[in-house]
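The values are calculated or read from the model by the stated rules, or taken from the named source; none is laboratory data. Computed from a prediction, not measured in an experiment: that's the story for all the values here. A quick note on method: Cβ atoms are made from the backbone with ideal geometry, for glycine too, and the neighbour counts reach across all protein chains shown. Just so you know, the surface numbers come from the protein's heavy atoms only, side chains and all, with ligands and any DNA or RNA stripped out. Shrake-Rupley method; radii C 1.70, N 1.55, O 1.52, S 1.80 Å.
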Amino acid sequence: MRALRVLLIVVVVLGVLFVVVDRVAVHFAEGQVADRLRSTEHLASTPDVSIDGFPFLTQLAGGELDDVEVGIKDYEAATGEGDKIRIDDLKADMRGVEFSGDYRSATAARATGTATIAYDELLKAAKSTPTDIGFGLKAQVVGLSDGGDGKIRLAVRIASFPVVHVLGSIEVKGDRMRVTADGMPKLAGLAFAESRMRAITDFQQALDQLPGGIRLDSVRAGKDGVQITVKGSHVKLTQ
């Protein structure tokens, strides 16, 4: 009976030690991956990296991680025109991550994620400028906001008249977000040429070179900005 008690104590101690070693190892690995990711993507700050699944050491021995979650607070994405657009709170879930022993290379079999682009950031990237719409008047989009039910609300200034608002739809076309007005602004009974107005209200915004090669999947107007989802396969976490 005494021998059994001693054996149980030994098993418990070894189990505790295994858990401690496993957690220390995963913490070290998370730091290594975060540092590599910051360097690879030229981030201003170190991203959050969480390696899920237990035990970690068996995943380490197999050379593949089941699930890695990455959080990047601010990411500057290329727009395809030499400019950048800030993406906020990018959160990605990487599955089936194969890695090298020193974490210099890590590739996820598949990845999904979400992020937000603030309305003022999207407006700045769209570069709306005063444009002639006829009758000696010029107009431009001066604000974007949540229109409810997934719609985007465009604030349009026509000359010195009060700002008018129209709702628009937002969708993904390739690697671009496309905003299309559902109707045309109206002012004092004037009927503006639709083609001229759409040159102002309708626009596209490219999102190139997202982290690891993930691609834009869907977009929806929300309270704090445009909510985007991304996905990809064979995503380079570090390289």
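General remarks:
- Residues whose amide H lies under 5 Å from that of Thr238, counting only those 5 or more places away or on a different chain, are Ala106; hydrogens are built 1.01 Å from N in the peptide plane.
- Estimated distance in nm for a label pair at Lys151 and Lys138, the labels positioned 7 Å out from Cα along Cα-to-Cβ: 3.0
- Cut-off under 5 Å, modelled amide H: who pairs with Gly222 long-range: Gln227
- In summary, the helical segments of the chain meeting the span-like criteria, namely a full DSSP H run, a Cα extent along the axis of 24 angstrom or more and a mean Kyte-Doolittle hydropathy of at least 0.5, are 2-41.
- Protein heavy-atom surface of the chain, 1.4 angstrom probe: 54% of the accessible area is carbon and sulfur, with nucleic acids and ligands not counted.
- Relative compactness, segment 83-158, computed as alpha-carbon Rg over 2.2 N^0.38 Å: 1.77
- Rg to Rh quotient for segment 100-239, alpha carbon positions, Kirkwood Rh: 1.12
- Estimated FRET transfer efficiency when R0 is 22 angstrom, pair Lys231-Glu98 (beta carbons, to 0.05): 0.75
- Those lysines that a straight Cα-Cα span of less than 16 Å connects to Lys231, excepting residues fewer than 8 apart in one chain: Lys91, Lys173
- Heavy-atom accessible surface of Val70, to the nearest 10 Å², is about 10 Å², with a 1.4 Å probe and all protein chains retained.
- Mean projected area of the Cα convex hull of the chain, taken over all directions, amounts to 17.1 nm².
- Residue-normalised accessible area of the chain, given per residue in Å² at a 1.4 Å probe: 54
- Across segment 112-117, coupling constants 3J(HN,Hα) worked out from phi with the 6.51/-1.76/1.60 Karplus curve, θ = phi - 60°, read 9, x, 9, 6, 9, 10 Hz, and Gly and Pro carry x.
- Within the shell defined by Cβ-Cβ distances under 13 Å, the residues around Ile158 carry a net charge of +3, with Lys and Arg each +1 and Asp and Glu each -1.
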